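The structure under discussion appears below in the form of structure tokens.
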Amino acid sequence: MRNLLLFTIGPVQSFISQARKTQDLYAGSKLLSVLIGEAIKFVGEENMIFPKYGKAMPNRFLAEVPSNENDLAQFGEKLEEKVRHEWKIIANNLISGMKKIPIGYHNQVDAFLEIYWSIEPVSENSTYKEIIEKLEDNIASLKNIRAFNQFTWEKDIIGEKGRKCSLDGQRNVLFYRPNNQNNFNIAASPLYSSHEAVYVDNRFPNNVILKPGEGLSAISFIKRGYKNNVTFESTADIALLDVLHNLSSLENETNLKYCIKTVRNTNAHLFYEENCDPKVAKNLLAETNTDKPLEEILDCSKKVREAAKKRGLKLSKYYAILTFDGDNMGKWLSGDYLENESLLEDFQRNFAECLSNFANNSEKYLDNEMGRTVYAGGDDFLGFVNLNSLLTVIEDLRKLFNELVNLPLKKFKNKYGETISFSAGICVAHYKEPLSIVLQQARLAQKIAKSKIKDKDSFSISVIKGSGESHTMVLPFGINAINVKYFRSICVSLIQEDYSNKFISSIRREFDKLLDTSDTIVNLGDFENIFMTELGRLLKRSAAKEPKLSLDNMKSYLGELVGDRPLQDFFQMLAIVDFFQRELSLEL
């Protein structure tokens with residue numbers, strides 16, 4: 001008899017998103033993929049149904065229990081123990097070589113993972129679809145029963161009390177680095193507790209770097225130190241990817257390439273002149289292990305800025321986080337859309353293959369001067385994108401998803417003529433904006449994309465300016481991501497000065513009176529013709545003599561994007577167009 005297993009591991013969102021550095025974010029994602037990968041190896045790749053085993057894995061999988069396993073409960077318990085054991089190995093490897101391990105380290109490690117699994121037999125009395133639904137119900141029931149583990153560290157010490165971790169804000173600080181190493185009094189430190197947290201500096205055996213004044217729990221410390229030899233670019237690096245790539249590609253510029261490498265290996269923030277004040281630069285160096293003199297690093301930074309200026313390259317201070325996941329994935333995987341439900345298992349296996357193919361190709365596509373992938377699990381994606389490549393990346397990934405996922409699965413007929421799609425959330429922010437806030441805003445933008453557009457299959461862009469001002473827009477992708485193309489063309493036309501951005505403030509000022517302060521949604525409705533006529537008049541006044549994007553096309557593109565959506569959304573989109581016009585380069 002066949003038996004099906006549904007296995008999940010967590011926490012996911014909180015663990016990944018609790019990050020101060022991009023390295024924390026990447027490590028959190030990588031750790032969960034490694035642990036779920038160990039579970040898949042234990043079950044056997046040949047027994048996997050969904051997803052297909054790959055480099056990046058989601059936090060759950062559906063598989064057949066190996067046919068030689070008779071005691072199903074024991075098999076599930078061994079599987080769970082295998083994952084917990086692997087987690088403990090990772091945690092213990094990080095503290096190997098330490099003379100002192102903080103009290104509570106193993107308690108925090110042991111209490112971290114949330115693992116749930118369910119096994120159901122495949123019987124003649126139930127369809128495959130019914131068994132999948134039963135598995136899902138079982139897991140949901142298990143998650144509703146939250147087991148509570150009380151920390152008991154020593155006979156007289158119960159629970160955690162004291163300074164909380166700088167990243168997760170939940171657990172006690174077990175590792176810290178003082179602000180002033182020379183005049184440090186441990187008894188007076190707010191990081192000090194009777195549980196004796198361990199002091200970490202740049203000479204820590206496993207090279208775990210903490211910012212001065214930072215304190216981490218065991219879980220955050222593991223993230224910070226996990227595979228520390230694999231570095232992930234900072235937000236400043238991402239913002240400068242295209243410029244540094246262009247400069248590094250120049251021939252006969254050996255010294256320039258050395259300067260770029262020197263600054264990048266130290267701290268990419270130092271490419272910006274605002275960070276090259278000796279006091280500021282010294283603080284930035286405190287987070288590194290560089291042995292190069294500060295004067296040499298600052299001199300290299302200056303040469304890179306001069307080379308960029310000479311070639312008309314702008315050192316952008318903005319980058320983007322892109323996140324997306326599949327729309328209605330639960331319904332697709334449970335067979336709700338399939339015309340023939342008996343083909344559900346075959347569909348799931350084909351779906352897994354297609355998503356794996358898309359994940360591999362999307363990572364190959366992005367990981368160059370355009371951006372860096374944090375996680376590509378198929379229908380779920382998280383990555384950093386250079387601002388000048390953002391609109392191209394959004395358009396290309398949507399087309400790639402259609403090509404590698406939708407088209408191959410058209411052989412499975414569905415009841416409603418639906419196509420598989422994803423919705424994306426993007427947050428554009430200044431490189432100094434706290435990473436946790438940017439990631440949170442990108443996730444929120446993704447929720448907006450899924451909730452504001454009826455059929456989903458949309459994208460939402462949120463911009464957090466350096467001044468703190470923010471704007472959010474949402475648009476459906478449209479057929480073949482046509483709306484991304486329209487939006488991109490409008491931005492390009494302003495960058496190339498085919499049109500002045502004055503029409504943006506003018507149209508907003510003229511129709512602003514329709515937008516009261518009661519948060520009433522205002523649609524164009526009966527005055528659509530008036531609005532479009534006035535928009536055309538303002539565009540004509542702002543147009544150059546011979547614009548590359550014709551006046552008719554510009555008006556048509558804007559008309560398509562305003563559609564029947566609220567006027568407030570259209571004005572938010574124009575504000576983002578205006579921002580992109582100032583921040584994007586002519587090479588967009």
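The values are calculated or read from the model by the stated rules, or taken from the named source; none is laboratory data. From a predicted model like this one, the values you see are computed outputs, not experimental measurements. As a convention, Cβ positions derive from the backbone with ideal geometry for all residues, glycine included, and neighbour counts pool all protein chains shown.
Just a few scattered comments:
- For the residues A19, A39, A73, the requirement of being out of contact with any Leu (no Cβ under 8 Å at 6 or more places or on another chain) and aliphatic (A, V, I, L, M) singles out A73.
- Summed over the stretch 543-588, the residues that are more than 32 Å from the chain's Cα centre (by Cα) and not aliphatic (A, V, I, L, M) give a count of 9.
- Filter pass, E69 being at pLDDT 90 or above and loosely packed, with under 15 Cβ neighbours inside 10 Å: no
- Verdict on A352 being buried (at least 21 other Cβ atoms within 10 Å of the Cβ), touching a Pro at 6+ places or on another chain (Cβ under 8 Å) and under 21 Å from S33 (Cα atoms): yes
- Checking K317 against (1) in contact (Cβ under 8 Å) with a residue 12 or more places away in the chain; (2) out of contact with any His (no Cβ under 8 Å at 6 or more places or on another chain), the condition it does not meet: (2)
- Helices (runs of 4 or more DSSP H) wholly inside the stretch 279-371 containing at least 1 residues that are under 19 Å from Y53 (Cβ atoms) and within 24 Å of the chain's Cα centre (by Cα): 329-333, 344-366
- Some residue of the stretch 444-461 being at pLDDT below 95, of a type in the set (D, E, K, R) and more than 24 Å from Q13 (Cα to Cα): yes
- Taking the criterion of being buried (at least 20 other Cβ atoms within 10 Å of the Cβ) and within 29 Å of Y319 (Cβ to Cβ), the residues of the stretch 558-568 that qualify are L558, L561, V562.
- Selection of helices (runs of 4 or more DSSP H) fully inside the stretch 28-145 by the criterion of at least 2 residues being closer than 30 Å to L216 by Cβ returns 72-94, 105-110.
- Only one entry of N68, N3 meets the criterion of being farther than 21 Å from G378 by Cβ and without any contact (Cβ under 8 Å) to a residue 12 or more places away in the chain, and that entry is N68.
- Flag if K211 is among the charged types (D, E, K, R), at pLDDT 90 or above and not assigned by TED's automatic domain parsing to the domain that holds V438: no
- All of P102, P66 fail the test of being outside the structural domain of N138 (by TED's automatic domain parsing) and either within 28 Å of E353 (Cα to Cα) or of a type outside the set (S, T, N, Q) (or both), apart from P102.
- Of the residues making up the stretch 32-48, one or more are within 13 Å of W117 (Cβ to Cβ), modelled with pLDDT of 95 or more, crowded, with 22+ Cβ neighbours inside 10 Å and among the small types (G, A, S).
- Single match in K456, K450 (criterion: buried (at least 19 other Cβ atoms within 10 Å of the Cβ) and in contact (Cβ under 8 Å) with a residue 60 or more places away in the chain): K450
- Under the condition of being under 16 Å from N483 (Cα atoms) and in contact with an Asp or Glu (Cβ under 9 Å, 6 or more places away or on another chain), the residues counted in the stretch 542-558 number 2.
- Of all residues in the stretch 501-523, those that are among the β-branched types (V, I, T) and modelled with pLDDT of 85 or more total 2.
- Answer residue from the stretch 244-280, given it is of a type in the set (A, V, I, L, M) and buried (at least 19 other Cβ atoms within 10 Å of the Cβ) and is farthest from P178 (Cα to Cα) among those: L247
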